[in-house]
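Below: one structure, written as structure tokens.
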Amino acid sequence: MKKSLIMSALLCAFSVPAAYAQSNVTLYGVIDGAIAVSKVRGGDTRIGFDNGIWAGSRFGIRETEDLGSGYSIGFILEQGFKTFSGEAMNLSKAFARQSTLSITAPFGEAAFGRTGGLSSDCGTYTILHGSSLWTSYYNNGNIYGTFILSDRYDNMAVYKTPSFNGSTVTLMYSNGIGGDSEKWSRNDHYYGVGYEYAAGKALFSAIWEMYDNKTLGYKASNVFTVGGSYDFGWATLYGAYQYANHSSRLSDYVRPDSMGKDGANQHGFSASIGIPAAGGTAKLQGNYGIGKIKGAEDDDYRLWSVATAYEYPISKRTLFYTYAGYGRGKKAVCSVDNYNSWTISSGLSHNF
């Protein structure tokens, strides 16, 4: 009897505050899947299901607590998964897409944790512009297949200024892209500075990113990316340019055997258009890259791709899309599968 009274008292003690607590925790996500036909040059034609093409399938939890006087604290925990198997996209992390704790004040926002880099097109703090096809689309037609973009990194510190007439500046630093258990001189670090303008019908960004490549022993990589778009009403035009100096990899994380410590130098270009059509948006994009792999013998290479897509909103939360893309690699990358393929697909993306 005494034990029952004690348990009842404990339950009341914990349940009463919960009944009056106010919480704005939000559960959100995306479920995206497509049926695709694809072929790598010299390989067999594949017909199958693909995951997260218009947007990566995910679930997440976020909350913001208002502290008053312009101050707030928030967090985002987000994980990706494969629509057709239910497997996690990254089995080694509980929240691989994003895991950040943020503080917002009148003088800006600071965040810490795992999130996407400035040009990654991933996470809360990316500012990549200049492409009509998101990087989740196939690499034989999107900007990711040509440009050398950043990724999600661990141990990030981010600062974003308040908006001044549509302009913001974002600073990023990773104390260890894949871990910071070693002393500072042995960890791989990422540095980024970005300017973004977003006002009315115009979007623009200019990004500098640097990787010190400590683990590889390569020279430091410097990547400069600019891009933007303007909505004319009858169409939206997009354009982007990138210069990479001593990059330790090519686009789509390709690292040729011939690459030495000097990495590769590359110029990348992208141009695209989005036109309202039949209640949706028709898109056309072209990408071109030209570069040189710095090794025992300097190897020139070229990349190009072209793609089209149509996106139709069935409802406020569900989108139908169809895509066709073709890409080729020349000279030093003529045999790289990532650069020599075509894909046709159609799918649905639902967010909640």
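The values are calculated or read from the model by the stated rules, or taken from the named source; none is laboratory data. Predicted model, so just to flag it, every value in this text is computed and none were measured. FYI the Cβ positions are ideal-geometry reconstructions off the backbone, even for glycines, and counts take in every protein chain you see. Surface areas here come from the heavy atoms of the whole protein model, side chains and all, with no ligands, DNA or RNA. Shrake-Rupley method; radii C 1.70, N 1.55, O 1.52, S 1.80 Å.
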Test each condition in (1) at pLDDT below 95; (2) part of a strand (DSSP E or B) for Ser181 and report the one that comes out false.
(2)
Filtering segment 153-173 down to residues that are part of a loop (DSSP other than H, G, I, E, B) and within 21 Å of Ser102 (Cβ to Cβ), which residue is most open to solvent (accessible area, probe 1.4 Å)?
Ser163
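Could you please find all residues in segment 260-285 being within 19 Å of Leu216 (Cβ to Cβ), in a strand (DSSP E or B) and either open to solvent by 50 Å² or more (accessible area, probe 1.4 Å) or hydrophobic (A, V, I, L, M, F, W, C) (or both)? First the steps, then the outcome.
Our first condition is that a residue be within 19 Å of Leu216 (Cβ to Cβ); within segment 260-285, this holds for 260-266.
Now drop any that are not in a strand (DSSP E or B), which leaves 264-266.
Scanning segment 260-285 gives a single hit, Ala264.
Yes or no, residue by residue, for (1) under 21 Å from Ser341 (Cβ atoms); (2) touching a helix residue (DSSP H, G or I) at 6+ places or on another chain (Cβ under 8 Å):
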| site | (1), (2) |
| --- | --- |
| Ala235 | no, no |
| Gly239 | no, no |
| Val254 | yes, yes |
| Gly260 | no, no |
| Gly279 | no, no |
| Leu284 | yes, no |
| Gly291 | yes, no |
Every residue from segment 315-341 that is open to solvent by 60 Å² or more (accessible area, probe 1.4 Å) and assigned to a strand (DSSP E or B)
Phe320, Tyr326, Lys330, Lys331
Within segment 222-247, work out how many residues are assigned to a strand (DSSP E or B), open to solvent by less than 40 Å² (accessible area, probe 1.4 Å) and aliphatic (A, V, I, L, M).
3
Options Tyr288, Tyr312, Tyr301; residue that is assigned to a strand (DSSP E or B) and either within 18 Å of Trp134 (Cβ to Cβ) or of a type in the set (A, V, I, L, M) (or both)
Tyr312
Matching residues in segment 129-152 (open to solvent by 10 Å² or more (accessible area, probe 1.4 Å) and of a type in the set (Ser, Thr, Tyr)) number 5
Matching residues, segment 27-71, being of a type in the set (Gly, Ala, Ser), within 27 Å of Ala157 (Cβ to Cβ) and exposed (fewer than 15 other Cβ atoms within 10 Å of the Cβ):
Gly68, Ser69, Gly70
What pairs come up if the first residue lies in segment 83-104 and is touching a residue at least 12 places away in the same chain (Cβ under 8 Å), the second is assigned to a loop (DSSP other than H, G, I, E, B), and their beta carbons are under 6 Å apart, counting only those six or more places apart or on different chains?
Thr83/Ser57; Ala96/Asn90; Gln98/Gly123
If we scan segment 292-312, do we find a residue that is open to solvent by less than 50 Å² (accessible area, probe 1.4 Å) and either in contact with a His (Cβ under 8 Å, 6 or more places away or on another chain) or among the β-branched types (Val, Ile, Thr) (or both)?
yes
